[in-house]
Amino acid sequence: MKRIFAISGSLRSGSSNHAILHFLGKMMPADTRYFIYENLARIPPFDPGNDHELPPDTVADLRSFIKGADGIIICTPEYAFGVPGQLKNALDWTVSSGSFSGKPTALITASTGGQNAHEALIKILGAIDANLIKDATLLIPYIRSKMESGEVKDPGTKESLLSLLDAFLTAIK
């Protein structure tokens, strides 16, 4: 049984990024356990003074989920031409633990533009030693025009997401 851990960079539950993660969840093979993380807002601000063997419980849980997963999917918007603060904060908490080290990772940036956050996250994921799968990175600009009633409706976007998922699943076999 493969375990996939998904993180949305948006805190808004009805966001396009959550919808994309739910779409991908429906496409997972039967032998895959897929979990979307819902506690990003509960991660406290990163403080190196609290980053030790007994970090806050929410941080310990996040690190445990990442370490226990066979692969990670991150889907995020771009805020103010950058990475959403709470996502960056959560990633900062993983630096000393090495939880992302070598972990196969897919990255989707779905926003109005998204290029700045996408490029920044590629660098951040490199810095934390995630194994970013080249064919499992996707920038989806103007995401709201590709959604309808909380569902991915654009055929090209669906095809790109399925291609990303195929590359990602192939990499974690």
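No value in this document is a laboratory result; all are computed from the given coordinates. Predicted model, so just to flag it, every value in this text is computed and none were measured. Glycine gets a Cβ as well: all are built from the backbone with ideal geometry, and neighbour counts include every protein chain shown.
Quick check on the range 56-111: take the gyration tensor over C-alpha atoms, sort the square-rooted eigenvalues as a ≥ b ≥ c, and tell me if it's rounded (a/c under 1.5), prolate or oblate.
Oblate, because a/c is 1.5 or more while a/b does not exceed b/c.
Roughly what % of DSSP beta bridges within the chain run antiparallel, to the nearest 5?
Percent antiparallel among DSSP bridges in the chain is about 10.
Could you tell me the calculated FRET efficiency between LYS173 and ALA80, based on Cβ-Cβ distance and R0 = 41 angstrom, to the nearest 0.05?
FRET efficiency, LYS173 to ALA80: 0.60.
Which value in deg cm²/dmol, rounded to the nearest 500, describes the helix-derived mean residue ellipticity at 222 nm for the chain, given -39,500 (n - 2.57) per DSSP H run of n ≥ 4 and division by the residue count?
Result for the chain: -11000 deg cm²/dmol, rounded to the nearest 500.
Extension gain GLU159-ASN116, at 0.36 nm per residue separation less the Cα-Cα distance, in nm?
13.1 nm
Of LYS67/LYS173; LYS2/LYS103; LYS67/LYS88; LYS123/LYS173; LYS67/LYS146, which pairs sit farther than 23 Å apart, going by alpha carbon to alpha carbon?
In this structure, LYS123/LYS173; LYS67/LYS146 exceed 23 Å between Cα atoms.
Exposure proxy check: ASP47, ASP61, ASP31 ranked by fewest other beta carbons within 10 Å?
The order, fewest Cβ neighbours first, is ASP31, ASP47, ASP61.
If I compute volume of the Cα convex hull per residue in Å³ from the structure I just sent, which labelled value in (i) 103; (ii) 115; (iii) 139 lines up?
For volume of the Cα convex hull per residue in Å³, the calculated option is (i).
Where the centroid of each part is defined by its Cα atoms, how far is the range 1-21 from the range 62-134 in Å?
The range 1-21 and the range 62-134 have Cα centres spaced 12 Å from each other.
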